[in-house]
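The values are calculated or read from the model by the stated rules, or taken from the named source; none is laboratory data. Remember, it's a predicted structure, so these values are computed and weren't measured experimentally. Heads up, the Cβs are rebuilt from the backbone with ideal geometry, glycines too, and the neighbour counts pull from every protein chain shown. SASA here: full protein model, heavy atoms, side chains in, ligands and nucleic acids out. Shrake-Rupley method; radii C 1.70, N 1.55, O 1.52, S 1.80 Å.
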Amino acid sequence: MVTEAQVWDALAEIPDPEIPVISLVDLGVIRVVAIENGNVRIQVMLDDSWSTDKITAAGREKLRVSGFAPPAPRGATDLVQLNRAVFRCPYCGSTDTRLENIFGPTPCRSLRYCAACRQPFEQFKTI
Amino acid sequence: MNAQELLQIADDELILGWRDSEWTGIAPSLEEDVAFSSIAQNEIGHARALYELVSRELGTDADSLAFDRHPSEYRCAALVEQRRMDWAHAIARHFLYETADEIRLAALKQSDDGAVAGLAAKMDREEVYHRLHARMWNDRLQAEPRYEDALVELWPYALGVLAPNQRTALAKRVGREEVDAIERNGHSDELLELREEMTMVRRSVPGATW
């Protein structure tokens, strides 16, 4: 009989298709795992309960070490904030960074540039 | 919220997604190539989610709604049907559509139907970035006579995206006088050509599974 822990472990191996350094579990998109008579049922939710705030601490660290700045908390997505240097460079840690392009290689990423270490980097958008 | 009203929005997003994708590879800068491609991907994703929601009510599926309906059954606005235009028109459409869409989504977020309200809120989180992009370009081009001409030309089309009771809000938001809107009735040849192209693979082997 399959256990909940086994399902969680299996889901933790499934990478995000756009940023494969993190898994579905790291992303926080798996709400609940329930086993009913040995069957696992997938239910897709079309509601508003997920945001980038749900990405786990482990997920955020995996993003950072891979050169993606983790998303800023919700509420920081207006233009003023996007242009302010509140985003930390994942390479050198400086906040002297600027927005280069709202859109990056995939819709969930923006491009920023670090003036301190002169390194462009990708910012996971706050969604 | 009835299914036909949701289909209008889904069709707008699907067709505009296609039109935005026409800039992939040929936008005036690489940055805009990436931006329009990303926006197109988001819009088609929103269409898919809306079709999914409607399909539960109509007892069909999202792909059937997107690709198998008769051309006369599409509910999209004339604004999104127009084939790739020059950059001034492309930005004018982008700015007017995103502004109208913000008003429409704000109303949907208040819907009594929890699924509709939830989906609208979710879509709006991505649309924030479309609006930032559209406003940036609107600010950049607003002193250009060619851009103003494009806004004037597309303005009656933009009003037609919204329900009559939402149009005054749009006029106020973009600082223009309300004029007679071009309503959603009938379709241009440009939409028929797009539909031919969009459904080509699906029509080649009806009922195929992938």
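Output the residues belonging to the range B:187-210 that are open to solvent by less than 80 Å² (accessible area, probe 1.4 Å) and in contact (Cβ under 8 Å) with a residue 40 or more places away in the chain. Those that are open to solvent by less than 80 Å² (accessible area, probe 1.4 Å) and in contact (Cβ under 8 Å) with a residue 40 or more places away in the chain: B:His187, B:Ser188, B:Glu190, B:Leu191, B:Leu192, B:Leu194, B:Arg195, B:Met198, B:Thr199.
The set of residues from the range B:160-182 being assigned to a helix (DSSP H, G or I) and either open to solvent by 90 Å² or more (accessible area, probe 1.4 Å) or in contact (Cβ under 8 Å) with a residue 24 or more places away in the chain (or both) comprises B:Pro164, B:Asn165, B:Gln166, B:Ala169, B:Leu170, B:Lys172, B:Arg173, B:Val174. Restricting B:Trp23, B:Trp18 to residues that are part of a loop (DSSP other than H, G, I, E, B) and touching a helix residue (DSSP H, G or I) at 6+ places or on another chain (Cβ under 7 Å) narrows the list to B:Trp23.
With the structure loaded, tell me whether B:Arg56 is more than 16 Å from the chain's Cα centre (by Cα) and of a type in the set (Lys, Arg) or whether it fails that test. Yes. So the check is Cβ under 6 Å with 6+ separation or different chains; which pairs have a first residue in the range B:59-72 that's aromatic (Phe, Trp, Tyr) and a second one that's open to solvent by less than 50 Å² (accessible area, probe 1.4 Å)? The qualifying pairs are B:Phe67/B:Thr199.
For A:Thr77, the criteria (1) surrounded by fewer than 16 Cβ atoms within 10 Å (Cβ to Cβ); (2) within 14 Å of chain B (Cβ to nearest Cβ); (3) at pLDDT below 90 hold in every case but one, which is (1). Restricting attention to the range B:24-40, and to residues there that are more than 7 Å from chain A (Cβ to nearest Cβ) and of a type in the set (S, T, N, Q), which single residue is farthest from B:Trp137 (Cα to Cα)? Checking each candidate, the answer is B:Thr24. Listed conditions (1) more than 13 Å from every other protein chain (Cβ to nearest Cβ); (2) in a loop (DSSP other than H, G, I, E, B); (3) at pLDDT 85 or above are all met by A:Ala85, apart from (3).
Residue-by-condition table, conditions (1) surrounded by 17 or more Cβ atoms within 10 Å (Cβ to Cβ); (2) more than 13 Å from chain A (Cβ to nearest Cβ); (3) within 18 Å of B:Leu192 (Cβ to Cβ):
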| residue | (1), (2), (3) |
| --- | --- |
| B:His46 | yes, no, no |
| B:Glu52 | yes, no, no |
| B:Ser72 | no, yes, yes |
| B:Glu81 | yes, yes, yes |
| B:Ala88 | yes, yes, no |
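Restricted to the range A:18-41, and to residues there that are within 14 Å of chain B (Cβ to nearest Cβ) and out of contact with any strand residue (DSSP E or B) (no Cβ under 8 Å at 6 or more places or on another chain), the residue that is surrounded by the fewest Cβ atoms within 10 Å (Cβ to Cβ) is A:Arg31. On the given criteria, is B:Tyr97 closer than 19 Å to B:Gly45 by Cα, among the hydroxyl-bearing types (Ser, Thr, Tyr) and touching a strand residue (DSSP E or B) at 6+ places or on another chain (Cβ under 9 Å)? No. Here is the figure for the range B:122-145: residues that are farther than 20 Å from B:Asp20 by Cα and more than 14 Å from chain A (Cβ to nearest Cβ) total 4. Would you check if there is a residue in the range B:83-101 being within 14 Å of the chain's Cα centre (by Cα) and at pLDDT below 95? Yes, that holds for at least one residue. If you go through the range B:103-121 and keep only what is open to solvent by less than 30 Å² (accessible area, probe 1.4 Å), touching a helix residue (DSSP H, G or I) at 6+ places or on another chain (Cβ under 9 Å) and within 10 Å of another protein chain (Cβ to nearest Cβ), you end up with B:Val116, B:Ala117, B:Leu119, B:Ala120, B:Ala121. Filter the range A:108-127 down to residues that are assigned to a loop (DSSP other than H, G, I, E, B) and free of Cβ contacts under 8 Å to residues at least 24 places away in the same chain and give me whichever is surrounded by the most Cβ atoms within 10 Å (Cβ to Cβ). The residue in question is A:Ala115. Is at least one residue of the range A:57-65 surrounded by 14 or more Cβ atoms within 10 Å (Cβ to Cβ), at pLDDT 85 or above and more than 14 Å from the chain's Cα centre (by Cα)? Within the range A:57-65, not a single residue is surrounded by 14 or more Cβ atoms within 10 Å (Cβ to Cβ), at pLDDT 85 or above and more than 14 Å from the chain's Cα centre (by Cα).
The set of residues from the range A:90-107 being open to solvent by 20 Å² or more (accessible area, probe 1.4 Å) and more than 9 Å from chain B (Cβ to nearest Cβ) comprises A:Tyr91, A:Cys92, A:Gly93, A:Ser94, A:Thr95, A:Asp96, A:Arg98, A:Leu99.
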